[in-house]
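K.L.:
Please read through the structure below; I'll follow up with questions.
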Amino acid sequence: MLDLLRPLAVFTVVAETRSFRAAADRLGLSPSVVSHHVSKLEERYDVALLYRSTRKLKLTAAGQEVLEYGKALTEAGLSAQDILQVDLAEPQGLLRVAAPAILEHGRFMDDVAQFLEIYPNVELQLHFSDERVDIIGEGYDLALRAGELEDSDLVVQKLTSVEDVICAAPSFIEKYGEPSTPHELPNFRMIGVPSSSDSLDFKSKSGSRRGVRVHLAPVIRVNTGDAALSLAFRGSGIARLPRLLIESRTKGELVDLLQDWELPRFNIQAVWPKNVGRRSLTRLFVEHVQKILKA
């Protein structure tokens, strides 16, 4: 079938222009190549599509019928071309993005709102979850991911790094006290989430910068950072949470613990399939977010 499409497209231009030379000029081919494609089509199906002399060209009845289908073919091709050739001055189309739940509130949503204001013809679908989606299998154009990434065939672009903190509500501290060193954390009720390791690596903020690894056994486990934040806010336990999530949802209702120690920062990265074009909505969205973060 593929070897039919090109001769059919050439024949359609010849039939519309009623001239081999005019068709050649439009297609950027030589008249002999144009004539070859039409002859090849006629010979393959043993049918005359047009009669030609040195000065005249006349469609046969079969040629007239084939022309209608040829027009449909070229129109479909032009429509596909319009979709493939993204207009940078007026981007449009559907963009599907998966992101970790910690970005559902706060500054990231401001970035998204600004993107939609700049590009009003873009249709955006955002999926927030702490579970990592299969970008290819589930049909996403782009995913933002927190923490370490497993090896993959995706393009990876770091967007920012985020601070993790150990925190609790004043009501919890009043009732149970607070740890003075990381080693005391296992003695307290901890709230854990699947995306976080039960082993925490602390580093002292003092001049020694000594490191300490602590193994925890959370008695409360939830599947999202939002749920951990809500329970910590209600005094149910101590939680390890991203600073940006705390700042976006609470106004000083949680207390930073172990302020003489720090946890490693983790990265938020954008990942997308390798064959995404440079002018795609995916790249446009990533560049928009990066520009705001750098500013």
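Throughout, read-outs are computed from the coordinates displayed, never taken from laboratory work. Predicted model only: the values in this text are computed from it and were never measured. Cβ placement follows ideal geometry from the backbone for every residue including glycine, while neighbour counts extend to all protein chains displayed.
K.L.:
Rounded, prolate or oblate: which one fits the range 164-264, using the alpha carbon gyration tensor with axes a ≥ b ≥ c (rounded when a/c is under 1.5, else prolate when a/b beats b/c, else oblate)? It would help to have the intermediate numbers written out before the result.
P.N.:
Details: a/c = 1.43, a/b = 1.37, b/c = 1.05.
Since a/c stays below 1.5, the shape of the range 164-264 is classed as rounded.
K.L.:
To continue, here is another question. Would you calculate, for the chain, the mean residue ellipticity at 222 nm contributed by helices, counting each DSSP H stretch of 4 or more residues as -39,500 (n - 2.57) and dividing by all residues, to the nearest 500?
P.N.:
Details: 10 runs with 116 residues, N = 295.
Counting only the DSSP helices, I get -12000 deg cm²/dmol.
K.L.:
Multiplying the sequence separation of Ser230 and Arg279 by 0.36 nm and subtracting their Cα-Cα distance, what value in nm do you get? Kindly include the intermediate steps, with their values, before the conclusion.
P.N.:
Values: separation 49, 0.36 × 49 = 17.64 nm, distance 4.07 nm.
Going from the current span to full extension adds 13.6 nm.
K.L.:
For Cα Rg over 2.2 N^0.38 Å, several values are listed as (1) 0.89; (2) 1.63; (3) 0.99; flag the one computed from this structure.
P.N.:
(2)
K.L.:
Moving to a separate point now. Just to be sure I understand: of the beta bridges DSSP finds with both ends in the chain, what percent are antiparallel, rounded to 5? It would help to have the intermediate numbers written out before the result.
P.N.:
On the way: 28 of 41 bridges.
Of all bridge pairs located within the chain, approximately 70 percent are antiparallel.
K.L.:
Of Gly106, Gly137, Gly225, which has the largest mean-square fluctuation in a 10 Å C-alpha GNM of the chain?
P.N.:
Gly137
K.L.:
Taking the mean number of other Cβ atoms within 10 Å as a proxy for protection, how do you rank 122-130, 182-190, 234-242 from highest to lowest? Mind dumping the intermediate values first?
P.N.:
Numbers: 122-130: 14.3, 182-190: 16.3, 234-242: 21.6.
Result, highest mean first: 234-242, 182-190, 122-130.
K.L.:
If you take the square roots of the eigenvalues of the alpha-carbon gyration tensor of the range 90-155 and sort them as a ≥ b ≥ c, do you get rounded (a/c under 1.5), prolate (a/b over b/c) or oblate? It would help to have the intermediate numbers written out before the result.
P.N.:
On the way: a/c = 2.30, a/b = 1.40, b/c = 1.64.
Here the range 90-155 falls in the oblate category.
K.L.:
Another question about this same structure. If I take R0 = 45 Å and measure r between the Cβ atoms of Ser206 and Leu126 in this structure, what FRET efficiency does the formula 1/(1 + (r/R0)^6) give, to the nearest 0.05?
P.N.:
Details: r = 42 Å, r/R0 = 0.93.
E between Ser206 and Leu126, to the nearest 0.05, is 0.60.
K.L.:
Separate question: Between Gln290 and Glu65, how many nm apart are label points set 7 Å from Cα along the C-beta direction?
P.N.:
About 5.6 nm separates the two model spin labels.
K.L.:
Pick out which of Asp46, Asp260, Asp141 has the largest mean-square fluctuation in a Gaussian network model of the chain, springs linking Cα atoms closer than 10 Å.
P.N.:
Result: Asp46 has the largest fluctuation of those listed.
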